[in-house]
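Let me begin by presenting the structure, written as structure tokens, before commenting on it.
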Amino acid sequence: MEEAFRAERFGESHRHARMALVVSIILNSLFFISDWRFQGDPHFFVAIPARAAVVAVSMVCLLLVTRISTHASMQRALILWQLVTAVSIGFLVSAHTDIALFVVIMLPAIFYLVVPAGFRVTLMGGIGCSICMLAGYVLPHGIDASTTGLVLAMVVMNASLILVVIKGNRLRRLEWSATLAERRANAELAASRKVLEKIFMAVPIPLVVTERSTSRLIQANHAAMHYFGGVTARAAEDALEDIYADPGQRSEFLRRLDAEGQVSNYEVAIKLADGTRRDVLLAGSAVQLEGVACVITGAIDISARKAMEARLENLATKDPLTQVSNRTEFFEAAEREMARAAVHGHPVCVVMMDLDYFKLINDAFGHAAGDLTLKAFADLCRACVRDHDHLARLGGEEFALLLPGTPRGEALAISERLRIAVENMKVEGAPTGLRVTVSVGVAEIDCSEGDVHLALARADLALYGAKMRGRNKVVDASETESGLDFVPIAAAQRQARFA
């Protein structure tokens, strides 16, 4: 750990050492000039060589330090500088002047606090410098009464400076350890972020992170960018809520998110970048990212499933050839309309229709022509009736029409218009000469009966009456019920067809 500490701080220590040596050269050069004041004094021949030695060793060590690149080499250069400087200054302080006493105190402190050396080198340099200073200051003049105090002062100063160096070294290493721990934590955090980001981007389900208040896109994975296309590419400026086919669905999604904290299986319709409308299931959770309220949302495309459901529903409720309602949907609609009519007192009529001589059409022109005829008839009926009327194919060439809110007279008028339209109908794609007519029976539903089958049986009796009259007729069920038109079939048998 110490080697790692030194290696990491080598650059800073290297700059510090160069700076200390440059300052030493400058200051000692100035002192070299000052030492000429001893000219004529015997001490002059001691001060000038000593000061010159300090300047020279500072220059040599600066040159060495500039070229080295290891901590150990720098330590050796600093040891050389401290050794020569301490011995040279020891000769200088032999002058025993007031400034010499100041240097005796200051130079060891400089060695302890300024020289960027290791602890052992600092300790040896400080103690060695103190010994040189005491020897140079005291020995030439002999030991006197003040020598003991000076020695004690030097001991106290060295002890204090050693404690300061120990504390400084400890603090620097604790700081370094804390920095290393922070770096490791940041590296682990960065690695975790990269792993999470890779996982986020690799999830095959479209995932987007948006700002809660503005819907601005913050992040989207590859699946989302591929699925949504250009929407996510410009979502940094545009609100992602624009992809909702119904903007109210996003408001409802956020309302549920606020209430529950997360939402799953929320079905919405969206618009993709190319304008395509898709059905998706959304799952979302509220999250806080750097103090900002955000929403992470996943989307599963259910368009294929919805299309399949629609096809299955169509198969269950629609006639596959004509795409009008089948028997099941017709009777369900009749029950609803009867219940509504019972509450509001509105009249409801039912119309039975049967294409005349349809078997002959199949025999003469083929079943393909028969199918074209059935589809053409269904299309014509859809075009002639109202949106709230219910048209159904009950089987073969037999159709039923439910007319809510329609009195009997109006139902007869609608049926007559429809009969005339069929008489003039041209079947596209059918052979020339194919002519179609329809026989129609009309009955009003009695809601008190509670069952549409009875009304259908009456309408079927009226239809049979139209057949007996020569076909291509509209007959009111009330005519057969009043005996105005004899029908040689029991009403109970006719009713049984619809039970």
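Within the stretch 124-134, can one find any residue that is in a helix (DSSP H, G or I) and β-branched (Val, Ile, Thr)? Break it down stepwise before answering.
So in the stretch 124-134, the residues in a helix (DSSP H, G or I) come out as 124-134.
Going one step further and asking which of them are β-branched (Val, Ile, Thr), we end up with 127, 131.
Yes, the stretch 124-134 contains a residue that is in a helix (DSSP H, G or I) and β-branched (Val, Ile, Thr).
If I go through the stretch 108-137 residue by residue, how many of them are of a type in the set (A, V, I, L, M), closer than 17 Å to ALA50 by Cβ and buried (at least 22 other Cβ atoms within 10 Å of the Cβ)?
Number satisfying all stated conditions: 1.
Right, LEU163: modelled with pLDDT under 90 and assigned to a helix (DSSP H, G or I) or not?
No, not satisfied.
Please list, ordered by first then second residue, the pairs with beta carbon atoms under 7 Å, 6 or more apart or interchain, first in the stretch 30-58 and farther than 22 Å from GLN82 by Cα, second of a type in the set (A, V, I, L, M).
PHE38/ALA47; HIS43/ALA95
Right, THR85: in contact with a helix residue (DSSP H, G or I) (Cβ under 9 Å, 6 or more places away or on another chain), part of a helix (DSSP H, G or I), loosely packed, with under 14 Cβ neighbours inside 10 Å and at pLDDT 90 or above or not?
No: the conditions fail for THR85.
Using the structure shown, decide if PHE111 is at pLDDT 90 or above, aromatic (Phe, Trp, Tyr) and assigned by TED's automatic domain parsing to the domain that holds MET157.
Spelling it out, PHE111 is indeed at pLDDT 90 or above, aromatic (Phe, Trp, Tyr) and assigned by TED's automatic domain parsing to the domain that holds MET157.
So for the stretch 44-61 (the condition being within 60 Å of the chain's Cα centre (by Cα), farther than 20 Å from ARG120 by Cα and either among the hydrophobic types (A, V, I, L, M, F, W, C) or outside the structural domain of VAL103 (by TED's automatic domain parsing) (or both)), does at least one residue qualify?
No, the stretch 44-61 contains no residue that is within 60 Å of the chain's Cα centre (by Cα), farther than 20 Å from ARG120 by Cα and either among the hydrophobic types (A, V, I, L, M, F, W, C) or outside the structural domain of VAL103 (by TED's automatic domain parsing) (or both).
Among the candidates LEU113, LEU62, LEU83, LEU78, single out the residue that is within 18 Å of LEU134 (Cα to Cα) and touching a residue at least 12 places away in the same chain (Cβ under 8 Å). Spell out the reasoning first.
Working: LEU113 fails: within 18 Å of LEU134 (Cα to Cα); LEU62 fails: within 18 Å of LEU134 (Cα to Cα); LEU78 fails: within 18 Å of LEU134 (Cα to Cα).
Just a single option satisfies the conditions, and that option is LEU83.
Of the numbered conditions (1) modelled with pLDDT under 90; (2) assigned by TED's automatic domain parsing to the domain that holds GLU260, VAL280 fails exactly one; give the number of that condition.
VAL280 satisfies every listed condition except (1).
Assuming GLY429 fulfils every condition listed in (1) at positive phi; (2) more than 58 Å from the chain's Cα centre (by Cα); (3) not charged (D, E, K, R) apart from one, which condition is it?
(2)
For the list (1) hydroxyl-bearing (Ser, Thr, Tyr); (2) within 26 Å of ILE33 (Cα to Cα); (3) touching a residue at least 12 places away in the same chain (Cβ under 8 Å), I need the number of the one condition that THR97 fails.
Among (1) hydroxyl-bearing (Ser, Thr, Tyr); (2) within 26 Å of ILE33 (Cα to Cα); (3) touching a residue at least 12 places away in the same chain (Cβ under 8 Å), the lone unmet condition for THR97 is (3).
Could you list, in sequence order, the residues of the stretch 32-75 that are among the charged types (D, E, K, R) and either assigned to a helix (DSSP H, G or I) or surrounded by 15 or more Cβ atoms within 10 Å (Cβ to Cβ) (or both)? Break it down stepwise before answering.
From the stretch 32-75, those among the charged types (D, E, K, R) are 35, 37, 41, 51, 67; that's our starting set.
If the condition is that a residue be among the charged types (D, E, K, R) and either assigned to a helix (DSSP H, G or I) or surrounded by 15 or more Cβ atoms within 10 Å (Cβ to Cβ) (or both), then ASP35, ARG37, ARG51, ARG67 are the ones that fit.
Report yes if some residue within the stretch 208-221 is exposed (fewer than 14 other Cβ atoms within 10 Å of the Cβ) and within 30 Å of ASP242 (Cβ to Cβ); otherwise report no.
yes
Write out, first by first residue and then by second, each pair whose Cβ atoms fall under 7 Å of each other, whose residues are 6+ apart or on separate chains, and whose first residue, in the stretch 156-180, is within 24 Å of GLU8 (Cα to Cα) while the second is among the aromatic types (Phe, Trp, Tyr) and part of a helix (DSSP H, G or I).
As it stands, the answer is VAL165/TYR112; VAL165/PHE119; ASN169/PHE119; ARG173/PHE5; TRP176/PHE5, since those pairs meet every condition given.
Against the conditions (1) surrounded by fewer than 16 Cβ atoms within 10 Å (Cβ to Cβ); (2) free of Cβ contacts under 8 Å to residues at least 40 places away in the same chain; (3) closer than 24 Å to ALA466 by Cα; (4) of a type in the set (Asp, Glu), where does GLU423 fall short? Just the number, please.
Among (1) surrounded by fewer than 16 Cβ atoms within 10 Å (Cβ to Cβ); (2) free of Cβ contacts under 8 Å to residues at least 40 places away in the same chain; (3) closer than 24 Å to ALA466 by Cα; (4) of a type in the set (Asp, Glu), the lone unmet condition for GLU423 is (2).
Within the stretch 441-482, how many residues are in contact with a Lys or Arg (Cβ under 6 Å, 6 or more places away or on another chain) and either small (Gly, Ala, Ser) or more than 18 Å from PRO404 (Cβ to Cβ) (or both)?
Of the residues in the stretch 441-482, 7 are in contact with a Lys or Arg (Cβ under 6 Å, 6 or more places away or on another chain) and either small (Gly, Ala, Ser) or more than 18 Å from PRO404 (Cβ to Cβ) (or both).
Out of all the residues in the stretch 252-259, is one or more closer than 30 Å to GLU398 by Cα and without any contact (Cβ under 8 Å) to a residue 12 or more places away in the chain? Don't jump to the end; show me each part of the working.
Keep residues of the stretch 252-259 that are closer than 30 Å to GLU398 by Cα, which gives none.
No, there is no match, as no residue in the stretch 252-259 is closer than 30 Å to GLU398 by Cα and without any contact (Cβ under 8 Å) to a residue 12 or more places away in the chain.
May I ask you to verify whether ILE199 is more than 30 Å from LEU101 (Cβ to Cβ) and surrounded by 11 or more Cβ atoms within 10 Å (Cβ to Cβ)? I'd like the intermediate steps shown before the answer.
Numbers: more than 30 Å from LEU101 (Cβ to Cβ): yes; surrounded by 11 or more Cβ atoms within 10 Å (Cβ to Cβ): no.
When the stated conditions are applied, ILE199 does not pass them.
The values are calculated or read from the model by the stated rules, or taken from the named source; none is laboratory data. Computed from a predicted structure; not experimentally measured. All Cβ positions, glycine included, derive from the backbone under ideal geometry; neighbour counts span all protein chains shown.
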